[in-house]
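Enquirer: My questions will all concern the structure given below.
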Amino acid sequence: MRILVTGGTGFIGSHTVVELLNENYEVVVIDDFSNSKPDVVDKIKTITNKEFKFYEGNVCDKELLQIIFKENKIDAVIHFAGFKAVGESVQKPLMYYRNNLDSTLTLCEVMNANNVKNIVFSSSATVYGNPKGLPIKETFPTGETTNPYGATKVMIERILKDIYISDNTWNIALLRYFNPIGAHKSGLIGENPNDIPNNLMPYIVKVATKELKELNIFGNDYDTVDGTGVRDYIHVVDLAKGHIKAIEWVLKNNGIDAFNLGTGNGYSVLELVNAFKKYNNVDVPYKIVGRREGDIGSCYADVSYAKEKLGWESKYDIEDMVKDSYNFVKNSTLHM
Ligand code: UDP
């Protein structure tokens, strides 16, 4: 089986390509390096000792996609490519809507023309907005998102549903990620944004390595265990393995369905910071500041549906997550 992975050198994409190669899938990747570095291609090959085909370019480029489908017999697509910074999406909504929607429409048109109708889409728990309860089930309402990034995820889910309604030979898995952290055990691939990070774990790591002075904790007056925000952090390798199960599912089934990929456990910001300090034996200075606009207090998944339908569940715990996150950044700073 040959899988096209869009955005295959990004954080989740690169870990998924590793797992696909480990499972002996043929892999074709398209990425424009808009939020990743070219050396990831070789690092994936080093980790797996396997080859894959790489095309540099943007998924909105229809001609390039047509070439890829002509040159490779694709059986299914995992679609990661897209902009993902929440704050930036508020500043640059047109850029987010244009890129994330256009790339998906172009991809689906070319898939349709080539009679490839199996797709796994990289969605997000952000589609639930302020969830109606906890833990979050796939059947909860979606759509009340608070920023353009989240809106693109909701819109793309809707587009894919409409494609399925028009042609029920499509097989579509919508994967709603909770909060991916951690990195590959090799320390070769992981998440290390160039700019000041928006997300918690990359920020903690930069404070631990003294690149940033202290962590700002956004609010300690939520209705949670210690007042700080609670999220469902999941190891990126677990998440990557979820994509293998989702690919198996789309290759076997007809239909469209959504799956939460999380651990089912919520950790507060302070709990995560304390675990990071304890297991890495390093200091993470922080101060409490006001709430961040658009944030919710708690968000964690009901993971029973993914377990039942995909036969997937997370394996790594918080110790693996904080150690692997730090290990990757220490390792990449060493080799710079
Ligand atoms: N957070 C924080 N300081 C930061 C970044 C995040 O206190 O510098 C908190 C944030 O308020 C939330 C949690 O950490 O409670 C996770 O935030 P992140 O942006 O990583 O994920 P999301 O909010 O999208 O779930």
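We did not get these values from a lab; they are worked out from the coordinates using the rules stated. Since this is a predicted model, take the numbers as computed values, not measurements. Note that we place each Cβ from the backbone using ideal geometry, even for glycine, and neighbour counts take in every protein chain shown.
Enquirer: Using the Kirkwood formula on the Cα atoms of segment 179-336, what hydrodynamic radius do you get, in angstrom to one decimal?
Expert: 16.7 Å
Enquirer: Sort Val29, Val154, Val237 so the one with the fewest other Cβ atoms within 10 Å of its own Cβ comes first. The partial results should precede the final answer.
Expert: Working: Val29 27, Val154 19, Val237 23.
Fewest-to-most ranking of Val29, Val154, Val237: Val154, Val237, Val29.
Enquirer: Place a +1 charge on the Cβ of each Lys and Arg in segment 69-200 and a -1 charge on the Cβ of each Asp and Glu, then give the dipole magnitude about the Cα centre in debye, rounded to the nearest 20. Numbers along the way, then the final one.
Expert: Values: 13 positive and 12 negative charges, 39 e Å.
So the magnitude is around 180 debye.
Enquirer: Would you kindly calculate the translational diffusion coefficient of the chain, applying Stokes-Einstein with the Kirkwood radius from alpha carbon pairs, for 10 °C and a viscosity of 1.306 mPa s, and quote it in µm² s⁻¹ without decimals? Can you show the working numbers first?
Expert: Working: Rh = 20.2 Å.
Rounded, D is 79 µm²/s.
Enquirer: Starting from 0 in steps of 5 Å, tell me what percent of the Cα-Cα pairs of segment 1-148 lands in each bin.
Expert: Whole-percent P(r) values from 0 Å outward: 2, 9, 18, 20, 18, 15, 11, 6, 2, 0.
Enquirer: Taking segment 139-208, which trypsin sites (Lys or Arg not before Pro) meet the DSSP loop condition and have no more than 14 other C-beta atoms within 10 Å? Mind showing how you got there, number by number?
Expert: Details: sites: Lys153, Arg158, Lys161, Arg176, Lys185, Lys206; in loops: Lys185.
In loop regions of segment 139-208 (DSSP not H, G, I, E or B), the sparsely surrounded trypsin sites (Lys or Arg not before Pro) are Lys185.
Enquirer: Among Asp42, Asp31, rank each residue by its count of other Cβ atoms within 10 Å, from fewest to most, as a rough exposure measure.
Expert: Working: Asp42 11, Asp31 27.
The fewest-first ordering by Cβ neighbours comes to Asp42, Asp31.
Enquirer: Please state the shape class of segment 44-89: rounded when a/c is under 1.5, otherwise prolate if a/b exceeds b/c and oblate if not, all from the C-alpha gyration tensor. Show your work: numbers first, answer last.
Expert: Numbers: a/c = 2.36, a/b = 1.23, b/c = 1.92.
Oblate, because a/c is 1.5 or more while a/b does not exceed b/c.
Enquirer: For segment 68-153, with equal point scatterers placed on the C-alpha atoms only and solvent neglected, what are the log10 I(q)/I(0) values from the Debye formula at q = 0.14, 0.19, 0.21, 0.22 1/Å, to two decimals?
Expert: -0.59, -0.91, -1.00, -1.04
Enquirer: Taking the Cβ of Leu200 as the center, what net charge do the other residues with Cβ under 12 Å away carry, scoring Lys and Arg +1 and Asp and Glu -1? Don't skip to the answer; put the middle values down first.
Expert: Numbers: positive: Lys206, Arg231, Arg292; negative: Glu191, Glu271, Asp295.
Once all neighbours under 12 Å are counted, the net charge is 0.
Enquirer: In segment 10-60, which GluC sites (Glu not before Pro) fall in coil by DSSP and have 14 or fewer other Cβ atoms within 10 Å? Please list the in-between numbers first.
Expert: Working: sites: Glu19, Glu23, Glu26, Glu51, Glu56; in loops: Glu23, Glu51.
For GluC sites (Glu not before Pro) across segment 10-60 that sit outside H, G, I, E and B with at most 14 neighbouring Cβ atoms in 10 Å, the list reads Glu23, Glu51.
Enquirer: Can you say what percent of the DSSP beta bridges in the chain, counting only those with both residues inside, are antiparallel? Round to 5.
Expert: Details: 2 of 42 bridges.
Here the share of antiparallel DSSP bridges comes out near 5 percent.
Enquirer: Now for a separate question. Show me the three semi-axes of the equivalent ellipsoid for segment 86-244, from the C-alpha gyration tensor (sqrt of 5 times each eigenvalue), largest first, rounded to whole Å.
Expert: Numbers: eigenvalues 190, 75, 56 Å².
Those come to 31, 19, 17 Å.
Enquirer: Could you list Thr106, Thr9, Thr169, Thr228 so that the one with the fewest beta carbons within 10 Å of its beta carbon is first and the one with the most is last?
Expert: On the way: Thr106 18, Thr9 27, Thr169 9, Thr228 22.
Least to most surrounded, the residues fall as Thr169, Thr106, Thr228, Thr9.
Enquirer: Around Tyr267, with a cut-off of 9 angstrom between Cβ atoms, what is the net charge of the other residues, counting Lys and Arg +1 and Asp and Glu -1? Provide the component values of the computation, followed by the final result.
Expert: Numbers: positive: Arg231; negative: Asp232, Glu271.
Result for the neighbourhood of Tyr267: -1.
Enquirer: Using only C-alpha positions, report the orientation-averaged shadow area of the convex hull of segment 197-287, nm², one decimal.
Expert: Working: hull surface 30.5 nm².
The orientation-averaged projected area of the Cα hull of segment 197-287 comes to 7.6 nm².
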